[in-house]
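For reference, the structure is listed below as structure tokens.
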Amino acid sequence: MSARTPENNAPHRAGFACFVGRPNAGKSTLTNALVGQKVAITSNRPQTTRHTVRGIVHREDAQLILVDTPGLHKPRTLLGERLNDVVRTTWAEVDVIGFCLPADQKLGPGDKFIIKELAGIKKTPKIAIITKTDLVASKTLAEQLLAVSRLGEELGFEWAEIVPVSAVKGDQVELLADLIAPLLPVSPPLYPEGDLTDEPEMVMVAELIREAALEGVRDELPHSIAVVVEEMLPREDRPADRPLLDIHANVYIERPSQKGIIIGPQGKRLKEVGTKSRKHIEALLGTPVYLDLHVKVAKDWQRDPKQLRKLGF
């Protein structure tokens, strides 16, 4: 396949870009806005992302493969250390790095720590992305743009671009894609037209269940939840025009005392988790689904290498 598009004879580009930033900087929401569909789970809780989800943006001139990494943070558990390793490995392998900084929060020690690490990656172009611009006045935004520009200078590197965006409103999301595309290597598309992610379906289904389980849980729970899809099988004896997919999944928590929080009185919370995630799963897979959820205890799994392996980390 030629790496040129017939329209204007400009070379077609394709490559990997990753969004980095401290937890809850808007990276997953931005990935979904660029792809135009939900491929990364979002939550208002930090450290929601645990897998590097790839979202694929198809354009006539380029294919952007977006790697959505977990937020870099000070690890307190073995899981935290592994997530940080994932981030650093990803940085070393991509063609463009986008540093996300929310417009409504001042540059903090966490941001400076990340930018310092980025300054050490010499060859990869870096774009500063000011997210959540819909939450601030233009004066605050201008101050943020200036602060991030100055910090780059202090650390001895220049941002390839500094772009303010609002993923929720869709402001300048297209412009961001326009600015990333020319920084990618000349290459034919790396994924078939129509592919939006290369995440296995079972992983995406597990993530959608985890997203629903994260909603409304008390503060001590978010990092304790892991979901594993045990099997996804088409129900036998169904007519071809009325298929049904049986999905059996386990929601793991770390302590028996957390079980009641997830299940809720008379199983009400778990039922809500099932109803909410089923809608998203059916939209993702394009078929009706029967979802069977069970809550299990995997004692202190975030600190136990054996349990982490079993849960896919």
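Computed from the coordinates by the stated procedures, all read-outs in this text should not be read as laboratory data. Keep in mind that this is a model prediction, so the values were computed, not measured. Cβ placement follows ideal geometry from the backbone for every residue including glycine, while neighbour counts extend to all protein chains displayed.
Observations on the structure shown:
- Mean-square fluctuations from a GNM of the chain, with a 10 angstrom spring cutoff on Cα atoms, peak among ARG82, ARG235, ARG210 at ARG235.
- Set against the 2.2 N^0.38 Å expectation for a compact globular protein, the chain has a Cα radius of gyration ratio of 1.06.
- Beyond 29 Å in Cα-Cα separation lie the following of the pairs LYS139/LYS169; LYS169/LYS310; LYS116/LYS139: LYS169/LYS310.
- Proximal lysines to LYS268, defined as alpha-carbon separation beneath 20 angstrom and excluding residues fewer than eight positions away on the same chain: LYS259, LYS276, LYS279, LYS296
- Solvent-free Debye scattering, log10 I(q)/I(0), computed from the Cα coordinates of the range 201-310 at q = 0.13, 0.22 Å⁻¹: -0.49, -1.19
- Projected label distance in nm at ARG303 and LYS123, using a 7 Å step from Cα toward the beta-carbon: 4.2 nm
- Cβ-derived FRET efficiency at R0 35 Å, ASN9 paired with GLU215, nearest 0.05: 0.10
- Beta bridges by DSSP in the chain, antiparallel share as percent, to the nearest 5: 40 percent
- Positive-end residue of VAL57, LEU78, PRO164, charge dipole of the chain with Cβ unit charges: LEU78
- Straight-line reach from LYS122: taking Cα to Cα under 22 Å and skipping same-chain neighbours fewer than 8 places apart, the lysines in range are LYS112.
- Extension gain, LYS296 to ARG59: 0.36 nm times the residue separation minus the Cα-Cα distance gives 81.0 nm.
- Working from label points 7 Å from Cα in the Cα-to-Cβ sense, the THR89 to PHE157 distance is 2.1 nm.
- Binned Cα-Cα distance frequencies in the range 79-168 - 10 Å width, integer %: 16, 47, 31, 6
- Measuring how big the range 13-183 is from its alpha-carbon positions, Rg and Dmax come out at 14.7, 44 Å.
- The antiparallel fraction among DSSP beta bridges confined to the range 13-183 stands at about 25%.
- Taking amide hydrogens as placed 1.01 Å from N in the peptide plane, the amide H of ASP246 sits under 5 Å from those of LEU233, ARG235, TYR290, each at least 5 positions away in sequence or on another chain.
- Within the chain: Cβ-based charge dipole about Cα centre, in debye rounded to nearest 20 (Lys, Arg +1; Asp, Glu -1): 1240 debye
- Taking 0.36 nm per residue of separation and subtracting the current Cα-Cα distance, fully stretching the chain between ASP134 and LYS310 would add 59.3 nm.
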